[in-house]
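Participant: Got a structure here, written out as C-alpha cells. Questions coming.
The values are calculated or read from the model by the stated rules, or taken from the named source; none is laboratory data. Everything numeric here is computed off the predicted structure, so don't read it as measured data. Positions of Cβ are backbone-derived with ideal geometry, glycine not excepted, and every protein chain shown enters the neighbour counts.
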Amino acid sequence: MSAVDRVTVAGPVRLSASAATPDSRLGRLGATDRPTVRLATFTALALYGVLRWATLTKPAPGLRLVGMLFMAVLIVGLGSIILPALADRAWYGGWHRVGWMARGWWRRALVAALVLLCFCVMLALAGIPVSWLYGVRVAVIASGVRDGLSALPGVLVPYLGANSWVRIVISLGPALLLLGAALAVCTRSPSELRRAAAALALAAIVVIPAMVMHPLLPYLQGLLLFALVAAFMWGERVVSRRSGAALAVIAAAALFATLLAPALARHHPWFNYQSLAGSLAPAHVETFDWTQRYGPYNWPRDGRTVLTVKAHRADYWKAENLDIFDGTAWSQGTGPVTGSPPAPAASELARYTQRISVTLEAMRTTAVIAAGAAERPEHIDAAVAPGQSAGTWTTSQPLSSGSTYTVATYSPDPTPAQLQAIPATAYPDASLADYRVVGLPPGRSSTCCNTPQVSPEIEFPPFHSAGPVLNMSEPYGAIGERLMRRSAYARAYALARSLAAQAATPYAFVKAVEGYLSPADGFAYDEHVPQYRYPLETFLFSSQRGYCQQFAGAMALLLRMGGIPARVATGFTSGLYDSATQEYVVSDRDAHAWVEVWFPRYGWVRFNPTPASAPAISGGGGVLSGTNGQHRSTSAVTARRSAAGAHAPGQKTPTASSGSFPLVAIVLPALALVLLGVLVALWFRGGRAEPEELVVELERALARCGRPTSGGVTLHALERRFRDSPAAARYLRRLRLARFGAVTELPTGPERRALRAQLASGLGITGWIRAWWALPPRRQKRGAQAAAGGSQAAA
C-alpha cells in the first residue's frame, strides 16, 4: 500500500496553525448531541401543552396556538440544527469573513435583536394588534394586559366571554412559556440547567390548565406528561444498547409516582393563583344608584374609568329608562299598559343599529349598560332578563370588573330637518298614552275632610289635539284639567301649554322647552342644591339651579304636559375616544341623565338639556357631533387612565383577531424566504474548495449520519467501503489523489450526490435530511467543471 493510501481521517484536519475547528466535539456528535431527537421531543411536549391549553377558552384559539408552536419549533430548529450547520459550513468552506459575525459584541447584538423579534411575534400571535407593536405603544399594551389579569379571578373556564384582553392574557401564557423554553435549548449543546428550565416551562403549559379545570383521566395524562418530559430531558443520551435499562428506570419512576399521587392529592391548591390574580384587581369598585333624588349630587366622581365601549359611533351609554313621574321624581316603571309604541322604520333600524362591546372596569352593576334600545346581550355568564322598560336588560348576578359583553343597539340620530318635517298628526294616540301620563302629589279628591288622600295620574291629550285631560285614577273622568290647576304643578302646566301653543310641530315644541331651560333664561348648572318638597317645580320657577337630574326631569315633565311622549334616561355620556384602542373610555365623571322623545318613523330620540358646563359634557364626552355621532379623539384619555389606575383599553375583538394574522401570513413566510436565500447563497457559493476542507467535511458528514470513522481508517479504505456505488467510490478516489497533489481535479457534482445518497441509505427521511445538511451541494466554477469533465472523458 502506498503512502497516499495510508492517509487517515481519524481527527479533524486544521487548515493552518491559527485556524482551529469551531467544534472540537465532532467525533462525539453521533453519541451525545443529537439535535434532531431534541427537536422531536421538544415538539411533542410543546404540542401536548398547546392541546391542553386550548381547552381554557371556547372557541379555542387554534390558529394562534399553532402559530406559537410553529414559532417555538422554528427557533429550536434554527438554533440547534440549522445555524450550527451553517457556521460549520462557513468555517470549513474558508469563508472567514463571515465568521466575524458570530463573535464578540456583534453576536450578542444579533441575538438580542432576534429575541426581541421573536417576542414581538409571540405578542402578535397572542392577539395584540400588529399596529401597536410597530407603533411601540408599550403603555397601552401593558395597561391592557394588567386589565386582563385583573379580570381573571372572576373568569369561568372554559372562557366564553368577549373580553378580548382576557383572551389575550390567556393566550400570552403559552406564548411566553414556549418562547422561554425555545430560547433555553436553541443551541448546539444546551446544559442540563437549560434543559431543565425548558422542560419546566413546557410542563407548566400542561399543568396550569389542569389546575383550573379538572382534566379527564388525570393520572393517565400525568403519565403522558412524565414520559414526554423524560424523553425531552434524556432522549439524546439513550443509545440502542442501553435503551432497555433506561426505559426500565423511567417506568419504575412513573409507577412510583402513580402510586404516590393519590396521597398527595389535596383539597386546597398548592398555589392559589386566584389570590395572586385578585391582587391585580381594582382596589375600589363603584356602584351607581340611578334614583332621581334631586338633592346634592351624590354620584361617584373620582375620575376612575368605569367602563370602555367598542363602537363604530359615539352614543350615550344607557343603564335605565325612567318611564314614570310619581308626583315628585322620575322612576322606573313596569312598562306601558296600553300597548307598545310602533317599531321604527326598517330603513332607520338598518341605519342606526350597531353592535357594541362593553367592558366593565372599576364598576359593579346588575343593569346591562347599552345604548338606545338594546337587544338581548351576549357573552354574559349570569342569567339575563328584560328590564322594567323595553330595550333595557338586567342580570341575576352583578357584573363586575372584567365583565365583557356584546349587544346590538338601536339609537337614532336624525337631523333637525328630518324631525321638523314630522307633523303632529303622524303621532299614534293609544299606544303612546302611557308616555303622556304624569302623577301628581297626593291631594283630597273632594272638599270633605274625611275623604282619603289619593295620587292622581293625569293623561294629557296628544300634541295640538282637542282631547280632554283625563284622570286615570279614581275618581276617573275628564277632571284632569281641574286637578292640574289645583296641584303643585299648575304653573308648570301653564308653561307647557304656552310653549306648545307657540310651536307648529312636535320638534319645535321640544326645542322650545330645551331653549327655555338654557342659561340664557337664567338657568345654571349647580351640584350643591338643597332638597325641596317639589324639586322640579322649584327648579323651574324659583331656584333655576341644578344638574342633569333637574334639567332632564323638568324637560320631560313639560313635554308630557304638552302632549309629547317623553321620558328620562340614565347612564353615561359617550366618554373620551381613544384612537389607540379605538374605543370610548368612560369614567365616573360621565354619569348623566338625559331626555328621550318619541318621534314617528325613528322611535326614541335623545336630547340633552343640561348646560355644557356639566362635567359629563365639558370633559368631551357629552357633545355628539354630526348626524352619526362620531367623537373626536383626545389625548386626555391617557391622563384619565393614568389617574384612574383602572382602565381597560381594548376591545379589539375583530381587529385584534385579524391583526395578528397578517404577521403570521406575511412576516413568517418572509423570514422563511430570507433564510432560504441564505441557505442557497451558502450552499451554492462559487469557488474552488481545497482538498483539506473536503476531507474535514467528509469526516463531519460521516459522524452526523451515524457512520463515524475510527482511528486508522484511510480514504482508500472508505473507497472500498463504498465500492457498491462507483460514483461514490470515484468521489473518494479523486479526493484522495487531489489531497496529495497527484491530480488537480476535485470530485464532480454527480459524484458528490452519489456519496450523499450512500450516506442516507437505510436511514429513512431523517437520514436523508441529515445527509443533505452534512454534505450540501457545491457549485463549481465553469473552468473547474470543464476540467473535471475533460479528465473524466479521458479516463
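Participant: Name the single residue, out of those in the stretch 107-125 being closer than 17 Å to V73 by Cβ and in contact (Cβ under 8 Å) with a residue 40 or more places away in the chain, that is nearest to the chain's Cα centre (by Cα).
Facilitator: Residues of the stretch 107-125 closer than 17 Å to V73 by Cβ: 114-115, 117-119, 121-122, 125.
Next, from what is left, pick out any that are in contact (Cβ under 8 Å) with a residue 40 or more places away in the chain: 115, 118-119, 121-122, 125.
Working: V115: 22, C118: 18, F119: 16, V121: 14, M122: 13, L125: 10 Å.
Looking at the filtered set, the residue picked out is L125.
Participant: Further, regarding this structure: For A496, are the conditions met, namely being surrounded by fewer than 19 Cβ atoms within 10 Å (Cβ to Cβ) and more than 51 Å from the chain's Cα centre (by Cα)? Walk me through it before giving the result.
Facilitator: Numbers: surrounded by fewer than 19 Cβ atoms within 10 Å (Cβ to Cβ): no; more than 51 Å from the chain's Cα centre (by Cα): yes.
No, not satisfied.
Participant: Let me ask something else. If the requirement is being more than 30 Å from I141 (Cβ to Cβ) and either touching a strand residue (DSSP E or B) at 6+ places or on another chain (Cβ under 7 Å) or in a loop (DSSP other than H, G, I, E, B) (or both), which of these qualifies: R567, R482? Please lay out each step first, then the result.
Facilitator: Working: R482 fails: either touching a strand residue (DSSP E or B) at 6+ places or on another chain (Cβ under 7 Å) or in a loop (DSSP other than H, G, I, E, B) (or both).
Criteria check complete, one pass: R567.
Participant: Can you pull out every residue in the stretch 325-370 that is buried (at least 20 other Cβ atoms within 10 Å of the Cβ) and within 25 Å of L419 (Cα to Cα)?
Facilitator: P344, Y352, A370
Participant: If we keep just the residues of the stretch 562-588 that are within 34 Å of the chain's Cα centre (by Cα) and farther than 18 Å from V358 by Cβ, which is surrounded by the fewest Cβ atoms within 10 Å (Cβ to Cβ)?
Facilitator: Per the criteria, the residue is S579.
Participant: With a cut-off of at least 2 residues that are at pLDDT 80 or above, surrounded by fewer than 20 Cβ atoms within 10 Å (Cβ to Cβ) and assigned by TED's automatic domain parsing to the domain that holds L114, name the helices (runs of 4 or more DSSP H) lying wholly within the stretch 156-248. So that I can check it myself, show each step before the final result.
Facilitator: On the way: elements: 164-185, 192-212, 218-234.
In the stretch 156-248, the matching helices (runs of 4 or more DSSP H) lie at 164-185, 192-212.
Participant: If you go through the stretch 259-273 one residue at a time, do you hit one that is modelled with pLDDT of 60 or more, of a type in the set (K, R) and either in contact with a helix residue (DSSP H, G or I) (Cβ under 8 Å, 6 or more places away or on another chain) or not in a helix (DSSP H, G or I) (or both)?
Facilitator: Our first condition is that a residue be modelled with pLDDT of 60 or more; within the stretch 259-273, this holds for none.
Taking every residue of the stretch 259-273 in turn, none turns out to be modelled with pLDDT of 60 or more, of a type in the set (K, R) and either in contact with a helix residue (DSSP H, G or I) (Cβ under 8 Å, 6 or more places away or on another chain) or not in a helix (DSSP H, G or I) (or both).
Participant: Does P377 count as touching a residue at least 12 places away in the same chain (Cβ under 8 Å) and surrounded by fewer than 20 Cβ atoms within 10 Å (Cβ to Cβ)?
Facilitator: Working: touching a residue at least 12 places away in the same chain (Cβ under 8 Å): yes; surrounded by fewer than 20 Cβ atoms within 10 Å (Cβ to Cβ): no.
Judged against the criteria, P377 is not a match.
Participant: It is to be established whether one or more residues within the stretch 533-549 are of a type in the set (S, T, Y), touching a helix residue (DSSP H, G or I) at 6+ places or on another chain (Cβ under 8 Å), under 19 Å from L440 (Cβ atoms) and assigned to a loop (DSSP other than H, G, I, E, B).
Facilitator: No - not one qualifying residue is present in the stretch 533-549.
Participant: Filtering the stretch 479-502 down to residues that are of a type in the set (G, A, S) and free of Cβ contacts under 8 Å to residues at least 12 places away in the same chain, which residue is nearest to R601 (Cα to Cα)?
Facilitator: Of the residues in the stretch 479-502, the ones of a type in the set (G, A, S) are 480, 487-488, 490, 492, 494, 496, 498, 500-501.
Retained after the next criterion (residues that are free of Cβ contacts under 8 Å to residues at least 12 places away in the same chain): 490, 494, 498, 501.
Numbers: A490: 33, A494: 30, S498: 27, A501: 24 Å.
Within the stretch 479-502, the match that is nearest to R601 (Cα to Cα) is A501.
Participant: Can I ask one more? Every residue in the stretch 500-512 that is within 22 Å of E537 (Cα to Cα) and surrounded by fewer than 21 Cβ atoms within 10 Å (Cβ to Cβ), please. If you could, list the steps in order and put the result at the bottom.
Facilitator: Taking the stretch 500-512 as the starting set, the residues that turn out to be within 22 Å of E537 (Cα to Cα) are 500-502, 509-512.
Result: A501, Q502, K511, A512.
Participant: Take the stretch 422-445 and flag every residue that is surrounded by fewer than 23 Cβ atoms within 10 Å (Cβ to Cβ) and farther than 18 Å from S465 by Cα.
Facilitator: Listed by number, the residues that qualify are G439, P441, P442, G443, R444, S445.
Participant: Would you mind listing the helices (runs of 4 or more DSSP H) fully within the stretch 668-745 where at least 1 residues are modelled with pLDDT of 65 or more and outside the structural domain of L117 (by TED's automatic domain parsing)?
Facilitator: Values: elements: 668-683, 691-704, 715-721, 726-739.
So the answer is 691-704, 715-721, 726-739.
Participant: Condition test on R533, is it among the basic types (K, R) and under 25 Å from S498 (Cβ atoms)? Don't jump to the end; show me each part of the working.
Facilitator: On the way: among the basic types (K, R): yes; under 25 Å from S498 (Cβ atoms): yes.
For R533, the condition - among the basic types (K, R) and under 25 Å from S498 (Cβ atoms) - is met.
Participant: Exactly one condition in (1) within 24 Å of E236 (Cβ to Cβ); (2) touching a Leu at 6+ places or on another chain (Cβ under 6 Å) is not met by L149; state its number.
Facilitator: So L149 meets the others, but not (1).
Participant: Now for a separate question. Picking from Y493, Y534, Y476, Y489, which residue would you name as being farther than 22 Å from Y316 by Cβ and either touching a Gly at 6+ places or on another chain (Cβ under 6 Å) or modelled with pLDDT under 90 (or both)? Can you show your working first?
Facilitator: On the way: Y493 fails: either touching a Gly at 6+ places or on another chain (Cβ under 6 Å) or modelled with pLDDT under 90 (or both); Y534 fails: either touching a Gly at 6+ places or on another chain (Cβ under 6 Å) or modelled with pLDDT under 90 (or both); Y489 fails: either touching a Gly at 6+ places or on another chain (Cβ under 6 Å) or modelled with pLDDT under 90 (or both).
Sole residue among the options that is farther than 22 Å from Y316 by Cβ and either touching a Gly at 6+ places or on another chain (Cβ under 6 Å) or modelled with pLDDT under 90 (or both): Y476.
Participant: In the stretch 58-83, which residue that is surrounded by fewer than 23 Cβ atoms within 10 Å (Cβ to Cβ) and among the small types (G, A, S) is farthest from A40 (Cα to Cα)?
Facilitator: A60
Participant: If a residue must be assigned to a strand (DSSP E or B) and under 41 Å from the mean Cα position of the chain (by Cα), how many such residues does the stretch 291-340 contain?
Facilitator: Pass one, the stretch 291-340, residues assigned to a strand (DSSP E or B): 305-310, 317-322, 324-325, 330-331.
Checking which are under 41 Å from the mean Cα position of the chain (by Cα) leaves us with 305-310, 317-322, 330-331.
So the answer is 14.
Participant: Cβ-Cβ below 6 Å, separation at least six or inter-chain, first residue in the stretch 751-778 and outside any helix (DSSP H, G or I), second surrounded by 15 or more Cβ atoms within 10 Å (Cβ to Cβ) and of a type outside the set (G, A, S): which pairs?
Facilitator: Here the result reads L775/R756; P776/W683; P777/W683, each pair linking the stretch 751-778 to a residue that is surrounded by 15 or more Cβ atoms within 10 Å (Cβ to Cβ) and of a type outside the set (G, A, S).
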